[in-house]
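Peer 1: Please see the structure below; I have some questions.
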Amino acid sequence: MGVRRFKTLIAIAELGTFAKAAEAVYLTPAAVSQQMKALEDELDMPLFDRTKRPPVLNPAGYALIPKALKLIKHYEELKPSLEGELDTLENLTVGTVPTTTTGIMPRAIKTLQDDHDNLHIRIYPGLSDDLYAQVDRGFLDVAVMTEPPTIYEHLIWRPFTEEPFVVLTSKEVEMTDPMEILRTQSFIRYARKAWVGKDIDHWLIENNIHVHETMELDTLEATAAMVMNNLGVSIVPLNCCSKPEHEHLNIIPLEDTSFKRVLGVLYRRDTSKHLLIELLWEKLIQIVEESGVTKAMLDPSQTTKS
């Protein structure tokens, strides 16, 4: 009886449907259905009311949830004592926002694997709100992401850099006043559903800037590509590691230097991977310092938030 089946059961209880749970646990809906059928067979009792569409938990299923949560917690606590610290260091499941997946993370992973020959890392890209939920449920060991608006008590947040927001234009745009650019040029908006997109929206409203929106995109990389082809301008966080394509863009600082995105690592307080996550965080700090593009967050008072 695998722990993963209980994690899937909890995802269904929290999200309401097999389809939504499948996205959360990185399985197909068919695989989720098979897992739940196997769990019912092992327990010799139905856990879902399948007369309803989609199926919903029945009383036995709801009664199993707190026990499943306790079982998963005990399993996570038991692993280090049974396997030893070195064994738990062999695998690390990491969630990453897209800018870090193609930016700072490859370098961090390379330095980690240089130090740990047997280390296997599994990367799951996603937006910060989704990664937060995956860490919270225990599906990810750690996430490299934007600072959450709130942090549950059982989670730990450790920032490693802050990236100022900048205005991005193509080389064909000759204006240099960021406010004038935003008010007069076509605006490419980063997804409103993302935390960064919401921060940008709030900043525009606070500064009474009405933009002429022509496009909305889900990734900052795609936004930069559209701007580079002179399809509009945008506001984006300055990547902590500069990229070659930046040479083909105008990067214009905002006068409001307090407008920043904070990047860090999020993980569960009860994780068995503390040592490896600490090493990852240190590698990220080191890479930021070496890049010299943004400032590493080294103040001890800023390094832990829970």
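The values are calculated or read from the model by the stated rules, or taken from the named source; none is laboratory data. Keep in mind it's a predicted model, so treat the numbers as computed, not measured. Quick reminder, even Gly has a Cβ in these numbers, built from the backbone with ideal geometry, and neighbours come from all protein chains shown.
Peer 1: If we keep just the residues of segment 280-300 that are under 30 Å from K73 (Cβ atoms) and surrounded by fewer than 19 Cβ atoms within 10 Å (Cβ to Cβ), which is modelled with the lowest pLDDT? Walk me through it before giving the result.
Peer 2: Residues of segment 280-300 that are under 30 Å from K73 (Cβ atoms), as a first pass: 280-284, 300.
In the following step, the residues that additionally are surrounded by fewer than 19 Cβ atoms within 10 Å (Cβ to Cβ) were identified as 282, 300.
On the way: E282: 89, P300: 40.
The qualifying residue modelled with the lowest pLDDT is P300.
Peer 1: So which residues in segment 178-222 are outside any strand (DSSP E or B), touching a helix residue (DSSP H, G or I) at 6+ places or on another chain (Cβ under 8 Å) and over 17 Å from I251 (Cβ atoms), if there are any at all?
Peer 2: Kept after step one, since they are outside any strand (DSSP E or B), are these residues of segment 178-222: 178-185, 191-211, 218-222.
From the residues that got through so far, the ones that are touching a helix residue (DSSP H, G or I) at 6+ places or on another chain (Cβ under 8 Å) too are 182, 191-196, 204, 207, 209-211, 219-221.
A191, R192, K193, A194, W195, L204, N207, I209, H210, V211, T219 - these are the residues of segment 178-222 that are outside any strand (DSSP E or B), touching a helix residue (DSSP H, G or I) at 6+ places or on another chain (Cβ under 8 Å) and over 17 Å from I251 (Cβ atoms).
Peer 1: Restricting the first residue to segment 150-177 and requiring it to be assigned to a loop (DSSP other than H, G, I, E, B), which pairs with a second residue that is modelled with pLDDT of 90 or more and of a type in the set (V, I, T) meet a Cβ separation below 6 Å and a spacing of at least six or different chains?
Peer 2: Matching pairs, first to second residue: M175/I181.
Peer 1: For segment 192-221, enumerate the residues that are more than 18 Å from V144 (Cα to Cα) and aromatic (F, W, Y).
Peer 2: W203
Peer 1: Shifting gears a bit: Any idea which of (1) β-branched (V, I, T); (2) crowded, with 17+ Cβ neighbours inside 10 Å; (3) modelled with pLDDT of 85 or more is the one V56 doesn't satisfy?
Peer 2: Against the list (1) β-branched (V, I, T); (2) crowded, with 17+ Cβ neighbours inside 10 Å; (3) modelled with pLDDT of 85 or more, V56 comes up short only on (2).
Peer 1: From the list L112, L140, pick out the single residue that is under 20 Å from E282 (Cβ atoms) and either of a type in the set (S, T, N, Q) or part of a loop (DSSP other than H, G, I, E, B) (or both).
Peer 2: L140
Peer 1: What are the residues in segment 110-144 that are β-branched (V, I, T) and over 15 Å from V288 (Cβ atoms), if any?
Peer 2: I121, I123, V135, V142
Peer 1: A further question follows. Is it true that some residue in segment 9-25 is out of contact with any helix residue (DSSP H, G or I) (no Cβ under 9 Å at 6 or more places or on another chain) and of a type outside the set (S, T, Y)?
Peer 2: Scanning segment 9-25 turns up at least one residue that is out of contact with any helix residue (DSSP H, G or I) (no Cβ under 9 Å at 6 or more places or on another chain) and of a type outside the set (S, T, Y).
Peer 1: Which residue, of T88, T28, is hydroxyl-bearing (S, T, Y), buried (at least 16 other Cβ atoms within 10 Å of the Cβ) and either assigned by TED's automatic domain parsing to the domain that holds I123 or at pLDDT below 90 (or both)? Can you show your working first?
Peer 2: Numbers: T28 fails: buried (at least 16 other Cβ atoms within 10 Å of the Cβ).
Just a single option satisfies the conditions, and that option is T88.
Peer 1: I would also like to ask the following. Would you say S128 is more than 15 Å from the chain's Cα centre (by Cα), among the polar types (S, T, N, Q) and modelled with pLDDT of 85 or more?
Peer 2: no
Peer 1: Identify all residues within segment 212-225 that are of a type outside the set (D, E) and under 14 Å from L168 (Cα atoms); write none if there are none.
Peer 2: Of everything in segment 212-225, those that are of a type outside the set (D, E) and under 14 Å from L168 (Cα atoms) turn out to be L220, A222, T223, A224, A225.
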